[in-house]
Amino acid sequence: MKSCPSYGFLLVLLTLAASAQVSAAQVSPEVKDTADRLAGSVYTGPSMTTLRELSDGFGGRLSGSPAYNRAAEWAAARFRSYGIQNVRLEPFTMPSGWQRGTAHGEMLAPTARPLHVESLGWAPSTPAGGVKGEVILIDDVSADSIKSKADKLKGKIVILDTEKIFAEGWVKVLAAVMAAPRNLKDVGAVAMIFPDSAKNNVINATSLDWGGSMSALPGAELGMEDSALIRRLMDEGSVSIQFELSNKTSGQMQVNDVVAEIRGRELPDEWILIGAHLDSWDFGTGAEDNGTGSASVLEVARAVAALGKAPRRSIRFALWGGEEEGLLGSYAYVQAHLNEIGKCVAVLNTDNGSGHPKGWKVEGRKDLKEAMQPISDSLLKDIGGGGLSMEVTYDTDHGPFMLQGVPALDLWVDMKPYVELHHKSSDTYDKVDPVDFKAGSAIVVATAWVIAEDPKPIAGHIDHAAVAEIIKKDGLDQLLKEVGQWKP
Ligand SMILES: [Zn+2]
(Lines give C-alpha, C1' and ligand atoms only; values in the text may rest on other atoms or scores of the structure.)
Protein backbone atom coordinates (compact mmCIF):
# COMPACT_ATOMS: atom_id res chain seq x y z
CA MET A 1 0.00 0.00 0.00
CA LYS A 2 2.56 3.14 0.27
CA SER A 3 3.83 1.67 0.17
CA CYS A 4 1.88 1.49 0.17
CA PRO A 5 -1.01 0.17 0.01
CA SER A 6 1.21 1.38 -0.19
CA TYR A 7 -1.23 3.26 1.65
CA GLY A 8 0.87 6.36 2.04
CA PHE A 9 -2.36 8.18 2.30
CA LEU A 10 -3.03 6.76 5.73
CA LEU A 11 -0.23 8.69 7.28
CA VAL A 12 -1.41 9.99 10.59
CA LEU A 13 0.70 12.24 12.73
CA LEU A 14 0.17 11.71 16.41
CA THR A 15 2.01 12.61 19.51
CA LEU A 16 0.10 10.42 21.88
CA ALA A 17 2.05 8.60 24.51
CA ALA A 18 1.13 5.02 25.23
CA SER A 19 1.28 4.15 28.86
CA ALA A 20 2.98 0.77 28.96
CA GLN A 21 5.94 0.25 31.23
CA VAL A 22 9.29 1.47 30.01
CA SER A 23 12.29 -0.84 30.07
CA ALA A 24 15.18 0.84 28.29
CA ALA A 25 17.28 -1.75 26.50
CA GLN A 26 20.85 -1.44 27.75
CA VAL A 27 23.38 -2.54 25.20
CA SER A 28 26.13 -4.63 26.74
CA PRO A 29 29.62 -4.57 25.15
CA GLU A 30 29.20 -8.17 24.05
CA VAL A 31 25.82 -7.52 22.40
CA LYS A 32 27.18 -4.38 20.75
CA ASP A 33 30.15 -6.29 19.43
CA THR A 34 27.90 -8.85 17.73
CA ALA A 35 25.56 -6.11 16.44
CA ASP A 36 28.60 -4.32 14.95
CA ARG A 37 29.70 -7.51 13.24
CA LEU A 38 26.21 -8.09 11.82
CA ALA A 39 26.02 -4.51 10.57
CA GLY A 40 29.40 -4.92 8.88
CA SER A 41 28.27 -8.19 7.35
CA VAL A 42 25.26 -6.63 5.63
CA TYR A 43 27.41 -3.77 4.29
CA THR A 44 29.76 -6.12 2.49
CA GLY A 45 27.13 -8.82 1.89
CA PRO A 46 25.27 -9.54 -1.36
CA SER A 47 22.03 -7.62 -0.85
CA MET A 48 22.31 -5.68 -4.12
CA THR A 49 22.75 -8.97 -5.98
CA THR A 50 19.75 -10.41 -4.12
CA LEU A 51 17.71 -7.31 -5.00
CA ARG A 52 18.73 -7.55 -8.64
CA GLU A 53 17.70 -11.20 -8.83
CA LEU A 54 14.34 -10.36 -7.27
CA SER A 55 13.49 -7.20 -9.21
CA ASP A 56 15.05 -7.89 -12.61
CA GLY A 57 14.52 -11.64 -12.37
CA PHE A 58 10.84 -11.76 -11.47
CA GLY A 59 9.67 -8.27 -12.41
CA GLY A 60 6.49 -6.75 -10.98
CA ARG A 61 5.02 -9.12 -8.38
CA LEU A 62 1.32 -8.52 -8.19
CA SER A 63 -0.12 -10.63 -5.36
CA GLY A 64 -1.08 -14.08 -6.59
CA SER A 65 0.42 -13.59 -10.06
CA PRO A 66 2.77 -16.19 -11.54
CA ALA A 67 5.68 -13.74 -10.94
CA TYR A 68 4.71 -13.40 -7.27
CA ASN A 69 4.40 -17.15 -6.82
CA ARG A 70 7.79 -17.77 -8.40
CA ALA A 71 9.38 -15.05 -6.27
CA ALA A 72 7.89 -16.61 -3.10
CA GLU A 73 9.37 -20.01 -3.98
CA TRP A 74 12.71 -18.37 -4.74
CA ALA A 75 12.69 -16.50 -1.41
CA ALA A 76 11.92 -19.70 0.51
CA ALA A 77 14.81 -21.43 -1.24
CA ARG A 78 17.02 -18.45 -0.46
CA PHE A 79 16.25 -18.68 3.28
CA ARG A 80 17.07 -22.41 3.16
CA SER A 81 20.32 -21.70 1.35
CA TYR A 82 21.41 -19.68 4.40
CA GLY A 83 21.06 -22.82 6.51
CA ILE A 84 17.69 -21.87 8.03
CA GLN A 85 15.69 -25.08 8.48
CA ASN A 86 12.35 -23.70 9.52
CA VAL A 87 10.95 -22.13 6.34
CA ARG A 88 7.27 -22.20 5.43
CA LEU A 89 4.85 -20.85 2.87
CA GLU A 90 1.80 -19.72 4.85
CA PRO A 91 -1.28 -19.24 2.66
CA PHE A 92 -4.01 -16.67 3.00
CA THR A 93 -7.04 -16.07 0.82
CA MET A 94 -7.67 -13.11 -1.43
CA PRO A 95 -11.22 -12.59 -2.68
CA SER A 96 -10.21 -12.16 -6.33
CA GLY A 97 -7.26 -12.67 -8.59
CA TRP A 98 -6.45 -9.86 -11.01
CA GLN A 99 -3.80 -9.32 -13.66
CA ARG A 100 -3.40 -6.40 -15.99
CA GLY A 101 -4.01 -6.82 -19.69
CA THR A 102 -4.22 -4.05 -22.24
CA ALA A 103 -5.67 -0.55 -22.03
CA HIS A 104 -6.43 1.93 -24.83
CA GLY A 105 -8.26 5.21 -24.67
CA GLU A 106 -9.04 8.18 -26.85
CA MET A 107 -10.94 11.41 -26.87
CA LEU A 108 -13.69 11.44 -29.48
CA ALA A 109 -15.03 14.98 -29.18
CA PRO A 110 -14.52 17.90 -29.37
CA THR A 111 -11.23 16.73 -30.88
CA ALA A 112 -9.84 13.29 -31.57
CA ARG A 113 -6.64 12.43 -29.72
CA PRO A 114 -5.15 9.47 -27.86
CA LEU A 115 -5.34 9.39 -24.05
CA HIS A 116 -2.90 7.95 -21.54
CA VAL A 117 -5.00 5.35 -19.74
CA GLU A 118 -4.36 2.25 -17.67
CA SER A 119 -6.79 0.07 -15.80
CA LEU A 120 -7.34 0.64 -12.10
CA GLY A 121 -6.22 -2.43 -10.18
CA TRP A 122 -8.94 -4.99 -9.54
CA ALA A 123 -11.21 -3.28 -12.09
CA PRO A 124 -13.08 -5.52 -14.55
CA SER A 125 -12.53 -5.46 -18.28
CA THR A 126 -14.81 -3.29 -20.36
CA PRO A 127 -17.17 -5.06 -22.76
CA ALA A 128 -15.38 -5.95 -26.00
CA GLY A 129 -15.04 -2.80 -28.09
CA GLY A 130 -14.81 -0.68 -24.95
CA VAL A 131 -17.05 1.89 -23.33
CA LYS A 132 -17.95 5.16 -24.97
CA GLY A 133 -19.73 8.20 -23.65
CA GLU A 134 -19.90 11.77 -22.50
CA VAL A 135 -17.75 12.58 -19.52
CA ILE A 136 -19.32 13.95 -16.35
CA LEU A 137 -17.39 15.27 -13.36
CA ILE A 138 -18.38 14.56 -9.76
CA ASP A 139 -16.79 16.03 -6.64
CA ASP A 140 -18.78 14.06 -4.07
CA VAL A 141 -18.78 10.25 -4.03
CA SER A 142 -21.16 9.77 -1.11
CA ALA A 143 -24.01 7.35 -1.82
CA ASP A 144 -26.62 10.10 -1.30
CA SER A 145 -24.92 12.47 -3.70
CA ILE A 146 -24.59 9.80 -6.41
CA LYS A 147 -28.25 8.84 -5.98
CA SER A 148 -29.38 12.46 -6.20
CA LYS A 149 -27.60 12.83 -9.56
CA ALA A 150 -28.87 9.55 -11.00
CA ASP A 151 -30.46 11.16 -14.08
CA LYS A 152 -27.28 13.04 -15.01
CA LEU A 153 -24.97 10.06 -14.44
CA LYS A 154 -26.90 7.47 -16.43
CA GLY A 155 -24.99 6.34 -19.52
CA LYS A 156 -22.02 8.57 -18.70
CA ILE A 157 -18.32 8.06 -18.02
CA VAL A 158 -17.79 9.57 -14.59
CA ILE A 159 -14.55 11.38 -13.88
CA LEU A 160 -13.68 11.94 -10.21
CA ASP A 161 -12.63 15.40 -9.03
CA THR A 162 -9.98 13.87 -6.81
CA GLU A 163 -8.67 17.21 -5.57
CA LYS A 164 -12.03 18.02 -3.97
CA ILE A 165 -12.93 14.46 -3.00
CA PHE A 166 -9.67 13.90 -1.14
CA ALA A 167 -9.32 17.47 0.15
CA GLU A 168 -9.57 16.34 3.76
CA GLY A 169 -7.33 13.32 3.26
CA TRP A 170 -7.94 9.74 2.22
CA VAL A 171 -8.82 8.35 5.60
CA LYS A 172 -12.15 10.14 5.90
CA VAL A 173 -13.36 9.46 2.38
CA LEU A 174 -11.95 6.03 1.56
CA ALA A 175 -15.08 4.09 2.51
CA ALA A 176 -17.19 6.24 0.17
CA VAL A 177 -14.59 5.93 -2.61
CA MET A 178 -14.58 2.15 -2.21
CA ALA A 179 -18.38 2.06 -2.50
CA ALA A 180 -18.50 4.49 -5.44
CA PRO A 181 -18.14 1.96 -8.31
CA ARG A 182 -21.14 -0.03 -7.02
CA ASN A 183 -23.22 3.12 -6.44
CA LEU A 184 -22.31 4.53 -9.86
CA LYS A 185 -23.20 1.25 -11.53
CA ASP A 186 -26.56 1.21 -9.75
CA VAL A 187 -27.50 4.56 -11.30
CA GLY A 188 -26.44 3.44 -14.79
CA ALA A 189 -22.99 5.03 -15.19
CA VAL A 190 -20.94 3.01 -17.72
CA ALA A 191 -17.43 3.52 -16.35
CA MET A 192 -15.30 5.73 -14.17
CA ILE A 193 -12.08 7.68 -14.57
CA PHE A 194 -9.54 8.27 -11.83
CA PRO A 195 -7.22 11.16 -12.78
CA ASP A 196 -3.59 10.70 -11.86
CA SER A 197 -1.55 13.43 -10.22
CA ALA A 198 1.95 12.74 -11.59
CA LYS A 199 3.40 14.95 -14.28
CA ASN A 200 4.06 13.86 -17.88
CA ASN A 201 0.94 11.64 -17.99
CA VAL A 202 2.78 9.05 -15.89
CA ILE A 203 0.45 6.59 -14.21
CA ASN A 204 0.77 5.38 -10.61
CA ALA A 205 -0.68 1.91 -10.27
CA THR A 206 -3.46 1.84 -7.71
CA SER A 207 -6.85 0.39 -6.93
CA LEU A 208 -9.81 1.97 -5.19
CA ASP A 209 -10.55 -1.07 -3.08
CA TRP A 210 -9.11 -2.22 0.24
CA GLY A 211 -9.11 -5.98 0.35
CA GLY A 212 -8.55 -7.23 -3.18
CA SER A 213 -12.19 -7.52 -4.27
CA MET A 214 -13.24 -6.82 -7.83
CA SER A 215 -14.63 -3.38 -8.52
CA ALA A 216 -18.24 -3.25 -9.74
CA LEU A 217 -17.49 -0.94 -12.66
CA PRO A 218 -14.69 -0.69 -15.23
CA GLY A 219 -12.37 2.08 -14.10
CA ALA A 220 -9.38 3.68 -15.79
CA GLU A 221 -6.60 5.85 -14.48
CA LEU A 222 -5.95 8.81 -16.72
CA GLY A 223 -2.75 10.86 -17.06
CA MET A 224 -2.64 14.20 -15.28
CA GLU A 225 -2.24 16.38 -18.35
CA ASP A 226 -4.96 14.46 -20.23
CA SER A 227 -7.27 14.87 -17.25
CA ALA A 228 -6.56 18.59 -17.03
CA LEU A 229 -7.25 18.99 -20.76
CA ILE A 230 -10.59 17.21 -20.45
CA ARG A 231 -11.51 19.43 -17.49
CA ARG A 232 -10.72 22.59 -19.49
CA LEU A 233 -12.66 21.38 -22.52
CA MET A 234 -15.63 20.54 -20.27
CA ASP A 235 -15.78 24.24 -19.34
CA GLU A 236 -16.50 24.96 -23.01
CA GLY A 237 -18.93 22.14 -23.76
CA SER A 238 -19.46 18.42 -24.01
CA VAL A 239 -16.49 15.99 -24.05
CA SER A 240 -16.77 12.37 -25.17
CA ILE A 241 -14.18 9.65 -24.77
CA GLN A 242 -13.86 5.93 -25.17
CA PHE A 243 -11.62 3.38 -23.57
CA GLU A 244 -11.14 -0.35 -23.60
CA LEU A 245 -9.63 -2.42 -20.78
CA SER A 246 -8.84 -6.09 -20.97
CA ASN A 247 -7.82 -7.67 -17.64
CA LYS A 248 -7.46 -11.25 -16.52
CA THR A 249 -9.49 -12.05 -13.42
CA SER A 250 -10.27 -15.07 -11.31
CA GLY A 251 -12.30 -15.86 -8.23
CA GLN A 252 -10.93 -16.44 -4.74
CA MET A 253 -7.27 -17.42 -4.66
CA GLN A 254 -4.62 -18.44 -2.20
CA VAL A 255 -1.48 -16.36 -1.86
CA ASN A 256 1.54 -17.41 0.19
CA ASP A 257 3.46 -15.42 2.77
CA VAL A 258 7.03 -16.69 3.19
CA VAL A 259 8.11 -17.15 6.81
CA ALA A 260 11.44 -18.39 8.14
CA GLU A 261 12.57 -18.75 11.74
CA ILE A 262 15.86 -19.01 13.61
CA ARG A 263 14.95 -20.56 16.97
CA GLY A 264 16.12 -18.78 20.08
CA ARG A 265 18.71 -20.42 22.32
CA GLU A 266 17.18 -19.45 25.71
CA LEU A 267 13.68 -18.09 25.11
CA PRO A 268 12.61 -19.88 21.92
CA ASP A 269 8.89 -19.28 22.46
CA GLU A 270 9.42 -15.53 22.50
CA TRP A 271 9.96 -14.04 19.07
CA ILE A 272 10.67 -10.88 17.19
CA LEU A 273 9.64 -10.56 13.57
CA ILE A 274 11.49 -8.79 10.78
CA GLY A 275 9.19 -8.27 7.83
CA ALA A 276 8.63 -6.62 4.47
CA HIS A 277 6.18 -7.16 1.66
CA LEU A 278 7.27 -9.21 -1.31
CA ASP A 279 4.41 -8.22 -3.58
CA SER A 280 4.53 -5.08 -5.71
CA TRP A 281 2.54 -3.19 -8.27
CA ASP A 282 3.23 -4.24 -11.82
CA PHE A 283 4.36 -1.27 -13.94
CA GLY A 284 7.92 -1.35 -12.66
CA THR A 285 9.82 -4.23 -11.12
CA GLY A 286 9.08 -3.35 -7.49
CA ALA A 287 12.71 -2.53 -6.74
CA GLU A 288 12.19 0.24 -4.16
CA ASP A 289 8.65 -0.85 -3.25
CA ASN A 290 9.44 -3.23 -1.84
CA GLY A 291 12.36 -5.15 -3.32
CA THR A 292 14.67 -3.24 -1.01
CA GLY A 293 12.65 -4.27 2.06
CA SER A 294 12.48 -7.88 0.88
CA ALA A 295 16.19 -8.07 0.05
CA SER A 296 16.94 -6.46 3.40
CA VAL A 297 14.96 -9.15 5.27
CA LEU A 298 16.79 -11.87 3.32
CA GLU A 299 20.16 -10.24 3.95
CA VAL A 300 19.51 -9.85 7.67
CA ALA A 301 18.50 -13.53 7.79
CA ARG A 302 21.70 -14.48 5.99
CA ALA A 303 23.87 -12.45 8.33
CA VAL A 304 22.23 -13.77 11.51
CA ALA A 305 22.34 -17.37 10.26
CA ALA A 306 26.02 -16.95 9.35
CA LEU A 307 26.87 -15.89 12.92
CA GLY A 308 26.75 -19.50 14.04
CA LYS A 309 25.20 -18.37 17.32
CA ALA A 310 21.45 -18.47 17.89
CA PRO A 311 19.88 -15.32 19.37
CA ARG A 312 18.45 -15.49 22.90
CA ARG A 313 14.86 -15.39 21.61
CA SER A 314 13.61 -16.55 18.22
CA ILE A 315 13.80 -14.34 15.17
CA ARG A 316 11.19 -14.76 12.44
CA PHE A 317 11.63 -13.37 8.95
CA ALA A 318 8.49 -12.70 6.93
CA LEU A 319 7.91 -11.72 3.32
CA TRP A 320 4.27 -10.76 2.92
CA GLY A 321 1.86 -10.93 0.00
CA GLY A 322 -1.19 -8.74 -0.49
CA GLU A 323 0.29 -5.59 1.04
CA GLU A 324 -0.63 -3.37 -1.88
CA GLU A 325 -4.24 -4.55 -1.63
CA GLY A 326 -4.54 -3.69 2.07
CA LEU A 327 -1.87 -5.40 4.23
CA LEU A 328 -3.66 -8.69 3.60
CA GLY A 329 -0.78 -11.11 4.14
CA SER A 330 0.45 -9.60 7.41
CA TYR A 331 -3.11 -9.18 8.68
CA ALA A 332 -3.88 -12.83 7.92
CA TYR A 333 -0.65 -13.93 9.63
CA VAL A 334 -1.52 -12.03 12.80
CA GLN A 335 -5.02 -13.54 12.84
CA ALA A 336 -3.62 -17.04 12.30
CA HIS A 337 -1.08 -16.59 15.12
CA LEU A 338 -3.24 -14.82 17.73
CA ASN A 339 -2.61 -17.67 20.18
CA GLU A 340 1.09 -16.75 20.29
CA ILE A 341 0.96 -13.02 19.54
CA GLY A 342 1.47 -12.37 23.26
CA LYS A 343 4.98 -13.82 22.84
CA CYS A 344 5.81 -11.45 19.96
CA VAL A 345 8.27 -9.05 21.56
CA ALA A 346 8.64 -6.65 18.62
CA VAL A 347 8.03 -6.22 14.92
CA LEU A 348 10.54 -4.48 12.65
CA ASN A 349 9.16 -3.54 9.25
CA THR A 350 10.86 -2.06 6.19
CA ASP A 351 8.87 -0.62 3.30
CA ASN A 352 10.07 2.88 2.61
CA GLY A 353 12.69 2.27 -0.04
CA SER A 354 16.38 3.01 -0.04
CA GLY A 355 16.30 6.68 0.88
CA HIS A 356 18.90 7.82 3.41
CA PRO A 357 17.87 6.19 6.70
CA LYS A 358 16.92 8.39 9.62
CA GLY A 359 16.09 5.78 12.25
CA TRP A 360 12.81 4.22 13.39
CA LYS A 361 9.20 5.25 13.68
CA VAL A 362 7.92 4.04 17.04
CA GLU A 363 4.28 4.42 16.01
CA GLY A 364 3.10 6.78 18.71
CA ARG A 365 4.58 4.96 21.70
CA LYS A 366 6.57 7.10 24.10
CA ASP A 367 7.53 4.04 26.16
CA LEU A 368 8.99 2.38 23.07
CA LYS A 369 10.83 5.56 22.12
CA GLU A 370 12.43 5.72 25.56
CA ALA A 371 13.31 2.03 25.43
CA MET A 372 14.87 2.43 22.00
CA GLN A 373 16.96 5.47 22.92
CA PRO A 374 20.02 3.55 24.20
CA ILE A 375 20.06 1.40 21.04
CA SER A 376 19.77 4.47 18.83
CA ASP A 377 22.48 6.30 20.75
CA SER A 378 25.00 3.48 20.95
CA LEU A 379 24.52 1.79 17.57
CA LEU A 380 22.60 3.89 15.08
CA LYS A 381 23.40 7.53 15.73
CA ASP A 382 26.86 7.45 14.21
CA ILE A 383 25.53 6.39 10.81
CA GLY A 384 22.87 9.11 10.92
CA GLY A 385 20.12 6.63 11.81
CA GLY A 386 19.59 7.53 15.45
CA GLY A 387 16.25 9.30 14.99
CA LEU A 388 13.06 8.08 16.64
CA SER A 389 9.82 9.40 15.19
CA MET A 390 6.48 9.37 17.04
CA GLU A 391 4.57 9.41 13.74
CA VAL A 392 1.76 6.84 13.57
CA THR A 393 1.17 5.09 10.27
CA TYR A 394 -0.98 2.26 9.01
CA ASP A 395 0.48 2.26 5.55
CA THR A 396 2.42 -0.98 5.70
CA ASP A 397 2.79 -4.32 7.45
CA HIS A 398 3.69 -3.30 10.98
CA GLY A 399 0.05 -2.14 11.17
CA PRO A 400 -1.74 -5.41 11.98
CA PHE A 401 0.81 -6.11 14.76
CA MET A 402 0.41 -2.60 16.14
CA LEU A 403 -3.35 -3.21 16.44
CA GLN A 404 -2.57 -6.14 18.76
CA GLY A 405 -0.47 -3.91 21.02
CA VAL A 406 2.87 -5.37 19.85
CA PRO A 407 5.80 -2.89 19.96
CA ALA A 408 6.12 -1.98 16.28
CA LEU A 409 9.05 -0.31 14.54
CA ASP A 410 8.92 0.89 10.96
CA LEU A 411 12.22 1.85 9.33
CA TRP A 412 12.26 5.64 8.91
CA VAL A 413 14.08 6.92 5.84
CA ASP A 414 14.12 9.95 3.57
CA MET A 415 11.01 9.23 1.49
CA LYS A 416 11.73 11.61 -1.39
CA PRO A 417 13.24 9.11 -3.86
CA TYR A 418 10.59 6.53 -3.01
CA VAL A 419 7.61 8.83 -3.36
CA GLU A 420 8.84 9.94 -6.79
CA LEU A 421 8.79 6.47 -8.29
CA HIS A 422 6.96 3.84 -6.28
CA HIS A 423 4.03 2.23 -8.14
CA LYS A 424 5.36 3.67 -11.40
CA SER A 425 7.20 2.07 -14.30
CA SER A 426 10.34 3.82 -13.02
CA ASP A 427 10.51 1.68 -9.86
CA THR A 428 13.50 -0.33 -11.06
CA TYR A 429 16.85 -1.60 -9.76
CA ASP A 430 18.89 1.27 -11.21
CA LYS A 431 17.24 3.74 -8.79
CA VAL A 432 18.50 2.03 -5.65
CA ASP A 433 21.40 3.68 -3.83
CA PRO A 434 23.49 0.79 -2.46
CA VAL A 435 25.00 2.73 0.43
CA ASP A 436 21.74 4.11 1.79
CA PHE A 437 20.04 0.76 1.18
CA LYS A 438 22.72 -1.12 3.09
CA ALA A 439 22.73 1.47 5.88
CA GLY A 440 19.02 0.75 6.32
CA SER A 441 19.72 -3.00 6.51
CA ALA A 442 22.50 -2.35 9.02
CA ILE A 443 20.03 -0.44 11.21
CA VAL A 444 17.57 -3.33 10.98
CA VAL A 445 20.05 -6.05 11.86
CA ALA A 446 21.73 -4.16 14.71
CA THR A 447 18.41 -3.18 16.26
CA ALA A 448 16.96 -6.66 15.83
CA TRP A 449 19.96 -8.30 17.47
CA VAL A 450 19.82 -6.08 20.55
CA ILE A 451 16.07 -6.63 20.98
CA ALA A 452 16.42 -10.39 20.46
CA GLU A 453 19.29 -10.56 22.98
CA ASP A 454 17.91 -8.31 25.73
CA PRO A 455 16.86 -10.50 28.68
CA LYS A 456 13.78 -8.28 29.08
CA PRO A 457 11.26 -7.39 26.33
CA ILE A 458 12.00 -4.01 24.77
CA ALA A 459 8.57 -2.74 25.84
CA GLY A 460 5.28 -4.22 26.99
CA HIS A 461 2.23 -4.96 24.89
CA ILE A 462 -0.35 -2.22 25.23
CA ASP A 463 -4.02 -3.03 25.66
CA HIS A 464 -6.91 -2.49 23.26
CA ALA A 465 -7.89 0.85 24.82
CA ALA A 466 -4.34 2.19 24.50
CA VAL A 467 -4.18 1.09 20.83
CA ALA A 468 -7.57 2.77 20.27
CA GLU A 469 -6.15 6.03 21.68
CA ILE A 470 -3.25 5.87 19.23
CA ILE A 471 -5.32 5.17 16.12
CA LYS A 472 -8.35 7.33 16.77
CA LYS A 473 -6.82 10.54 15.45
CA ASP A 474 -8.12 11.58 12.04
CA GLY A 475 -10.61 8.73 11.94
CA LEU A 476 -8.06 6.00 11.28
CA ASP A 477 -9.92 3.75 13.75
CA GLN A 478 -13.16 4.31 11.83
CA LEU A 479 -11.52 3.46 8.52
CA LEU A 480 -9.94 0.30 9.90
CA LYS A 481 -13.32 -0.70 11.29
CA GLU A 482 -14.89 -0.19 7.87
CA VAL A 483 -12.28 -2.36 6.14
CA GLY A 484 -12.66 -5.04 8.80
CA GLN A 485 -9.20 -4.80 10.39
CA TRP A 486 -10.24 -3.19 13.71
CA LYS A 487 -12.97 -3.97 16.21
CA PRO A 488 -13.49 -1.09 18.64
ZN1 LIG B 1 5.34 -0.96 -0.11
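The values are calculated or read from the model by the stated rules, or taken from the named source; none is laboratory data. Not measured: the values here are computed from a predicted model. Backbone-built Cβ (ideal geometry, glycine too); neighbour counts: all protein chains shown.
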Out of all the residues in the range 398-421, which are surrounded by fewer than 24 Cβ atoms within 10 Å (Cβ to Cβ), more than 14 Å from LYS361 (Cβ to Cβ) and within 16 Å of the ligand (Cβ to nearest atom)?
-> LYS416, PRO417, VAL419, GLU420, LEU421
Would you pick out the residues in the range 422-437 that are crowded, with 22+ Cβ neighbours inside 10 Å and either modelled with pLDDT of 95 or more or farther than 18 Å from GLY286 by Cα (or both)?
-> HIS423, ASP427, VAL432, PHE437
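If you take the residues of the range 124-133 that are out of contact with any Phe, Trp or Tyr (no Cβ under 6 Å at 6 or more places or on another chain) and surrounded by 16 or more Cβ atoms within 10 Å (Cβ to Cβ), which of them is nearest to GLY251 (Cα to Cα)?
The extreme case among them is PRO124.
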Answer yes if at least one residue in the range 62-84 is surrounded by 14 or more Cβ atoms within 10 Å (Cβ to Cβ) and closer than 30 Å to ASP226 by Cα, and no otherwise.
-> yes
Candidate set: the range 81-128, residues that are assigned by TED's automatic domain parsing to the domain that holds GLY264 and free of Cβ contacts under 8 Å to residues at least 24 places away in the same chain; chosen: the one farthest from ALA332 (Cα to Cα) | SER81
Take GLY405 and decide whether it is in a helix (DSSP H, G or I) and touching a residue at least 24 places away in the same chain (Cβ under 8 Å).
-> no
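Per-residue answers, yes or no, for (1) in the same structural domain as THR428 (by TED's automatic domain parsing); (2) touching a strand residue (DSSP E or B) at 6+ places or on another chain (Cβ under 7 Å); (3) part of a helix (DSSP H, G or I):
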site: ARG182; (1), (2), (3): no, no, yes
site: ALA189; (1), (2), (3): no, yes, no
site: TRP210; (1), (2), (3): no, no, no
site: SER215; (1), (2), (3): no, no, no
site: ALA220; (1), (2), (3): no, yes, no
Residue among VAL413, VAL392 that is in the same structural domain as LEU338 (by TED's automatic domain parsing) and either hydroxyl-bearing (Ser, Thr, Tyr) or under 26 Å from ARG52 (Cα atoms) (or both) | VAL413
Near pairs, Cβ below 6 angstrom, 6+ apart or cross-chain, from the range 276-287 (at positive phi and not assigned by TED's automatic domain parsing to the domain that holds GLY121) to any residue that is within 12 Å of the ligand (Cβ to nearest atom) and of a type in the set (S, T, N, Q) | GLY286/SER280
Within the range 122-148, the residues that are within 23 Å of ALA228 (Cβ to Cβ) and in a loop (DSSP other than H, G, I, E, B) are ALA123, GLY130, ASP139, ASP140, VAL141
Which listed residue, of ILE470, ILE451, ILE462, is in the same structural domain as LEU278 (by TED's automatic domain parsing), assigned to a helix (DSSP H, G or I), touching a Pro at 6+ places or on another chain (Cβ under 9 Å) and buried (at least 22 other Cβ atoms within 10 Å of the Cβ) = ILE451
Residue that is nearest to the chain's Cα centre (by Cα), among those in the range 31-64 that are of a type in the set (Gly, Ala, Ser) and in a helix (DSSP H, G or I) = SER55
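Taking the criterion of being in a strand (DSSP E or B) and more than 16 Å from the ligand (Cβ to nearest atom), would at least one residue in the range 222-233 satisfy it?
Yes, that holds for at least one residue.
Residues checked against (1) farther than 24 Å from GLY326 by Cα; (2) in contact with a His (Cβ under 9 Å, 6 or more places away or on another chain):
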position: PRO124; (1), (2): no, no
position: ALA128; (1), (2): yes, no
position: VAL141; (1), (2): no, no
position: GLU168; (1), (2): no, no
position: ALA175; (1), (2): no, no
position: ARG182; (1), (2): no, no
position: ASP196; (1), (2): no, yes
position: LYS199; (1), (2): yes, no
